[in-house]
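*Asks:* I'd like to ask you about the structure that follows.
The values are calculated or read from the model by the stated rules, or taken from the named source; none is laboratory data. All values derive from a computational prediction rather than experimental measurement. Note that each Cβ is placed from the backbone with ideal geometry, even for glycine, and that neighbours are counted across all protein chains shown.
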Amino acid sequence: MEEKLSLQEWIDLAEQENKGFGDFCIEFQVKELEIDKATLLGRMEEMLDVMEQSVEIGLTGITSMGGLVGGNGKKIEAYRTESPDKSIVGSVMSKAIMIALAIGEANASMGRIVAAPTAGASGTLPAVLFSLAEARGFSKLELAKALVVAGVIGMVIASRASLSGAAGGCQAECGSAAAMAAGAAVELYGGNPRQVGQGVALTLKNMLGLVCDPVAGLVEVPCVKRNAGAAAQAMVAAEMALAGISSVIPVDEVIDAMAAVGNAMSCTLKETAQGGLAVSPTGVAVANHLFAKVEPEKK
Ligand code: SF4
């Protein structure tokens with residue numbers, strides 16, 4: 001059995017060494033990956049470039065392989081730019097929604113994305129990073145550093161629980177992506193290591209139990225829109241953490257609880273398309289319709 005990593009241990013170490021969590025994570029990864037800091041951050045910047053290109057792909061209004069999603073990133077971009085006074089959530093969150101949808105749609109159309117941590121959840125982290133960057137003018141280097149923090153958080157979750165919908169439900173995919181994004185957001189806003197951990201804990205607590213129920217087994221419905229919700233959860237948690245609000249349950253224990261919930265979850269709710277929205281009357285009808293179209297080609 002692989003060693004369980006501890007986010008709390010690393011938070012404590014960073015605080016003892018009087019380091020920001022971003023600097024701590026960079027030093028850790030430089031040692032772990034045996035590369036220099038410039039190379040590490042350069043790789044992160046390349047990933048940021050791919051994420052930006054994914055947004056562009058989504059904003060063309062592309063339609064997914066199964067035809068269930070597409071054009072919604074473009075729709076919200078038009079809404080937020082043409083009627084900003086009508087936005088309920090404000091410009092930062094509406095930008096995050098747009099990015100999450102656009103990247104989810106790019107992924108569902110076989111466009112290039114960065115799995116962060118998975119393809120299905122690839123819209124969440126860039127949605128948070130890029131919307132905050134626009135609001136506060138964060139540099140690419142600052143975003144790269146935040147991406148390293150997100151990666152370390154993902155590593156810990158992978159070691160204690162899972163990042164896969166098939167193993168742990170959507171809490172493990174969109175939940176983990178949101179937790180990574182919350183930690184990255186707290187780092188970007190100058191939060192201390194403890195607050196980064198609180199951002200992670202608060203996010204996962206709010207997403208515990210989320211099932212994986214893709215209609216027709218395609219990473220389209222509910223996946224794409226779920227990324228927008230996950231980005232919102234990340235921002236809510238990061239805001240609470242930055243305000244000094246703590247999770248009663250420590251971060252490693254929250255991750256362990258997510259693992260236990262995932263293990264207890266029925267297989268019908270873990271990417272098998274046999275439960276949840278996938279077996280709603282409409283979900284079944286959509287699947288039947290799609291499979292009826294595909295079957296003749298197989299013969
Ligand atoms: S519902 Fe399942 S396939 Fe879709 S994003 Fe969530 S974990 Fe991934």
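*Asks:* Is it the case that A167 is within 16 Å of the ligand (Cβ to nearest atom), out of contact with any strand residue (DSSP E or B) (no Cβ under 6 Å at 6 or more places or on another chain) and in a loop (DSSP other than H, G, I, E, B)?
*Replies:* Criteria not met by A167.
*Asks:* Can I ask one more? What tally of residues in segment 203-220 results from selecting those that are without any contact (Cβ under 8 Å) to a residue 40 or more places away in the chain and away from the ligand (no atom under 11 Å from the Cβ)?
*Replies:* Within segment 203-220, the first condition is being without any contact (Cβ under 8 Å) to a residue 40 or more places away in the chain, and the residues that meet it are 203, 206-207.
Filter once more, keeping what is away from the ligand (no atom under 11 Å from the Cβ): 203, 206.
Residues that pass the stated criteria total 2.
*Asks:* I'd like to verify a number: residues in segment 144-182 that are crowded, with 24+ Cβ neighbours inside 10 Å and hydroxyl-bearing (S, T, Y), how many?
*Replies:* 1
*Asks:* Among all residue pairs at least 6 apart or on different chains, which show Cβ distances below 7 Å where the first residue, located in segment 157-168, is more than 12 Å from A115 (Cβ to Cβ) and the second is assigned to a loop (DSSP other than H, G, I, E, B) and more than 10 Å from the ligand (Cβ to nearest atom)?
*Replies:* S159/E2; S159/E3; S159/K4; S159/L5; R160/K4; R160/L5; G168/A161; G168/S162
*Asks:* Of the residues that sit in segment 183-194 and are in a helix (DSSP H, G or I) and surrounded by fewer than 24 Cβ atoms within 10 Å (Cβ to Cβ), which one is farthest from the ligand (Cβ to nearest atom)? First the steps, then the outcome.
*Replies:* Initial filter on segment 183-194 (in a helix (DSSP H, G or I)): 183-188, 193-194.
Remaining after also requiring surrounded by fewer than 24 Cβ atoms within 10 Å (Cβ to Cβ): 188, 194.
Working: L188: 24, R194: 29 Å.
Residue satisfying both the conditions and the ranking: R194.
*Asks:* Looking at G229 and the list (1) assigned to a helix (DSSP H, G or I); (2) under 30 Å from W10 (Cβ atoms); (3) free of Cβ contacts under 8 Å to residues at least 12 places away in the same chain, which single condition is not satisfied?
*Replies:* Failed condition: (3).
*Asks:* Okay, next question. For the structure I just gave you, tell me whether P214 is in contact with a Cys (Cβ under 7 Å, 6 or more places away or on another chain) and within 30 Å of L269 (Cβ to Cβ).
*Replies:* yes
*Asks:* Which of the residues that make up segment 194-217 are of a type in the set (A, V, I, L, M) and out of contact with any strand residue (DSSP E or B) (no Cβ under 9 Å at 6 or more places or on another chain)? Before the answer, list the steps.
*Replies:* From segment 194-217, those of a type in the set (A, V, I, L, M) are 196, 200-202, 204, 207-208, 210-211, 215-216; that's our starting set.
Scanning segment 194-217 gives V196, V200, A201, L202, L204, M207, L208, L210, V215, A216.
*Asks:* So, one more: Can you name every residue in segment 153-164 that is under 21 Å from V211 (Cβ atoms), among the hydroxyl-bearing types (S, T, Y) and either near the ligand (Cβ under 10 Å from one of its atoms) or part of a helix (DSSP H, G or I) (or both)? Please lay out each step first, then the result.
*Replies:* Filtering segment 153-164 down to residues under 21 Å from V211 (Cβ atoms) leaves 154, 157-158, 160-164.
Then keep just the ones that are among the hydroxyl-bearing types (S, T, Y); that gives 162, 164.
The one that is under 21 Å from V211 (Cβ atoms), among the hydroxyl-bearing types (S, T, Y) and either near the ligand (Cβ under 10 Å from one of its atoms) or part of a helix (DSSP H, G or I) (or both): S164.
*Asks:* Follow-up question, since we're still on this one. Give me the residue from segment 105-152 that is assigned to a helix (DSSP H, G or I) and basic (K, R) and, out of that set, nearest to A231 (Cα to Cα).
*Replies:* The extreme case among them is R136.
*Asks:* Go through (1) within 15 Å of the ligand (Cβ to nearest atom); (2) touching a Gly at 6+ places or on another chain (Cβ under 9 Å) and name the single condition V200 misses.
*Replies:* Failed condition: (1).
*Asks:* Looking at L290, L269, can you tell me which residue is within 21 Å of the chain's Cα centre (by Cα), at pLDDT 95 or above and surrounded by 16 or more Cβ atoms within 10 Å (Cβ to Cβ)?
*Replies:* L269
*Asks:* OK, next. With the structure loaded, tell me whether A259 is surrounded by fewer than 24 Cβ atoms within 10 Å (Cβ to Cβ), touching a Gly at 6+ places or on another chain (Cβ under 8 Å) and farther than 19 Å from F130 by Cα or whether it fails that test.
*Replies:* For A259, the condition - surrounded by fewer than 24 Cβ atoms within 10 Å (Cβ to Cβ), touching a Gly at 6+ places or on another chain (Cβ under 8 Å) and farther than 19 Å from F130 by Cα - is met.
*Asks:* Still on this structure: Taking the options I97, I88, I113, name whichever one is among the hydrophobic types (A, V, I, L, M, F, W, C) and over 21 Å from S176 (Cα atoms).
*Replies:* I88
*Asks:* Within segment 144-196, which residues are in contact with a Pro (Cβ under 9 Å, 6 or more places away or on another chain) and within 14 Å of Q8 (Cα to Cα)?
*Replies:* Across segment 144-196, the qualifying residues are G154, I157.
*Asks:* Test of understanding: among A234, A241, which residue is of a type in the set (A, V, I, L, M, F, W, C) and either more than 16 Å from the ligand (Cβ to nearest atom) or surrounded by fewer than 21 Cβ atoms within 10 Å (Cβ to Cβ) (or both)?
*Replies:* That would be A241, the only listed residue that is of a type in the set (A, V, I, L, M, F, W, C) and either more than 16 Å from the ligand (Cβ to nearest atom) or surrounded by fewer than 21 Cβ atoms within 10 Å (Cβ to Cβ) (or both).
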